[in-house]
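Okay, so here's the structure we're looking at.
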Amino acid sequence: MTAAPRSRLRTWTVRSRIVGLLTLLSFVGLFVAGGVAYVVERERVLAQIDANLGAALESASITVANAEEPWESEEAALGSIVQRLAPDDNTGTLGIIDGAPFWQPFIPPDVPLERLPGFVDRVVAETADGEIVVGTYASDDETVRYLAAPVTIGEPDPEAPNSAIFVTGYDVQAELAEFDAAARIFTVVAVVVTIVIFLVGLLVSGLLLRPVRRIREVAERSSEQSLSERVPVTGRDDVSQLAETVNRMLDRLGGSLDAQRQLLQDVGHELKTPITIVRGHLELVDPTDARDVEETRALAIDELDRMARLVDDIRAAARLREPDAFAIVETDVAVLVEQIAQKARAIEGADIDDAVRTDDVLARMDPDRITQAMLQLIANAVRHARGPITIGSRVRGADLELFVLDRGPGVPDALKAVIFDRFRRGAAEGRGDGGSGLGLAIVALIAEQHGGTAAVVDAGGGSEFQIVLPRAVVGADDDDQPTWVAALAEPAPPSAIADPVAPPATADPAARAPHPHDPRAAARTDAEEPGWHRS
């Protein structure tokens, strides 16, 4: 049922519409221009005929008036006019005496006026009152524009009929024939030019739209199983930019699908262990032993609680991908960091320094999401570090860094590059600390949605977890507003599970110097490397 519409759509393509429209416009333009030129030129030819008739009358008048000797008769004057007149092409000249053709030029004219049926009688009748007449004679074969003027010597006698009449005329159809031939040539040339425009348009549009066709073909071949093909990019025009945009979109879709597959694998792996544990204990429980039943029940509830926390964290991470998940506002950093410290002191086991290290600046951020990320870092430090925890922020040019500094054993170098990936654990860790493995991934995602990064660096006798917000400080670089402010208004790439925790862009730990103001900077020994657990 869908084959026929698809076939019609492919027949009448964008290329066909563009070429067809350009060809039609060229065809109409040529013929409108030619038609206007034809009408104007035709009117000019007709006006020129009347002008030539007037010139012939003036020439005849001069011939009569400038004679060296008086004319013997009107017939002699008429003969001199007719015989001296040099006829043009497509013209005829005639002298009528007493109502009959009498004088003709020495050179035979192109138009024999005396042979036109009824022409002589018509001229005699129209000049009977002695007036000069300009008229048009039309028959089935010919159309003649003529001038007829009575020839008189001295004062005309109103009582006496005109005996001598000078007549000259132009064959209108013959005069227009040359111009009509040019019009026909123009028509042929216009048709040929239109055909050439059509063919050149097909060729050029095919070359210009070839990248668009490749984009369509790549899009048709792309699927969830294969997103590796990319559109070839040639040139530096709008179409090549479109191809680059499509390639970037395919990169994002491919990354989203890869992250989705990895998430499903990780979730399946994470859920497999508690399910196996619960099933194994339920299979081995002794229903007659109340103590065994109670212990198995407590273990099953604990594992189910851990699965529930995992699901909640996945949902929380998924919500961070929603378009309206972030509200970027100008925030007082000092006030925000102090509020975070107050909230952190309510966390069980948290030993927060009284001194909060921060800068008194305004920064563009979502304070709720930044608070969520900082509290997650603090909870992670409470779970895996020891000693007091320092919270603060610092300004580096237009960038803002928020940090959580602990006095723990630190993070091994091999784990720093992947610690913000979901479900990452150190070699010496277990699963019994209550974490879901998504806490630091959520922190990285919040930083990423702000256009920044999350990282961990060594800080003497501990580790410093950082959230870096580039160009977030208000007033430091107002001419260059952070691109992530506008980017947060754009929808996230779609995926089946909203790609809850994509692998974050983690800063290179080696590229950052240790915490500059930590008074406890001291070298760590290899024996202090523990196994770190993701919260």
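Every number here is computed from the coordinates shown, using simple stated rules; none is lab data. Remember, predicted model here, so these are calculated numbers, not experimental data. Note: ideal-geometry Cβ built from the backbone for every residue, glycine included; neighbour counts use all protein chains shown.
Report the FRET efficiency, 1/(1 + (r/R0)^6), for ARG248 and VAL418, where r is their Cβ-Cβ distance and R0 is 30 Å, rounded to 0.05.
0.75
Name the shape class, rounded, prolate or oblate, that the alpha-carbon gyration tensor gives for the stretch 228-310, where a ≥ b ≥ c are the square roots of its eigenvalues, rounded holds for a/c under 1.5, and otherwise prolate holds if a/b is larger than b/c and oblate otherwise.
Prolate, since a/c reaches 1.5 and a/b exceeds b/c.
Counting other C-beta atoms within 10 Å, which of HIS281, HIS450 has the fewest, and how do the rest follow?
Ascending Cβ contact count within 10 Å gives the list HIS281, HIS450.
Work the Kirkwood hydrodynamic radius out for the stretch 45-175: mean of 1/r over every pair of different alpha-carbon atoms, inverted, in Å.
14.7
Using 7 Å Cα-to-Cβ label points, what is the GLU126/LEU284 separation (nm, one decimal)?
It is 13.0 nm.
Please rank TYR137, TYR146, TYR170, fewest neighbouring Cβ atoms within 10 Å first, as an exposure proxy.
In increasing order of surrounding Cβ atoms, one gets TYR137, TYR146, TYR170.
From the residues ILE195, ALA174, ILE185, which one has its Cα farthest along the dipole of the stretch 167-272 in the positive direction, the dipole being from +1 and -1 charges on Cβ of Lys/Arg and Asp/Glu about the Cα centre?
The residue sitting farthest along the positive end of the dipole is ILE195.
Distance between the C-alpha centers of the stretch 94-108 and the stretch 445-470? Whole Å please.
Each part's Cα centre sits 115 Å from the other's.
Amide H neighbours of THR143 under 5 Å, at least 5 residues apart or on other chains, H built in the peptide plane: list them.
Close amide H contacts, sequence-distant or interchain: VAL172, GLN173.
Quick one: if the Förster radius is 56 Å, what FRET efficiency do VAL329 and ASP302 give, using the C-beta to C-beta distance and rounding to 0.05?
Rounded to the nearest 0.05, the efficiency is 0.85.
Explain nothing, just compute: Karplus ³J(HN,Hα) = 6.51 cos²θ - 1.76 cosθ + 1.60, θ = phi - 60°, for every residue of the stretch 386-401 in order, whole Hz, x for Gly and Pro.
Each residue's phi maps through the Karplus curve to give 9, x, x, 10, 9, 10, x, 8, 8, 10, 10, x, 9, 8, 10, 10 Hz.
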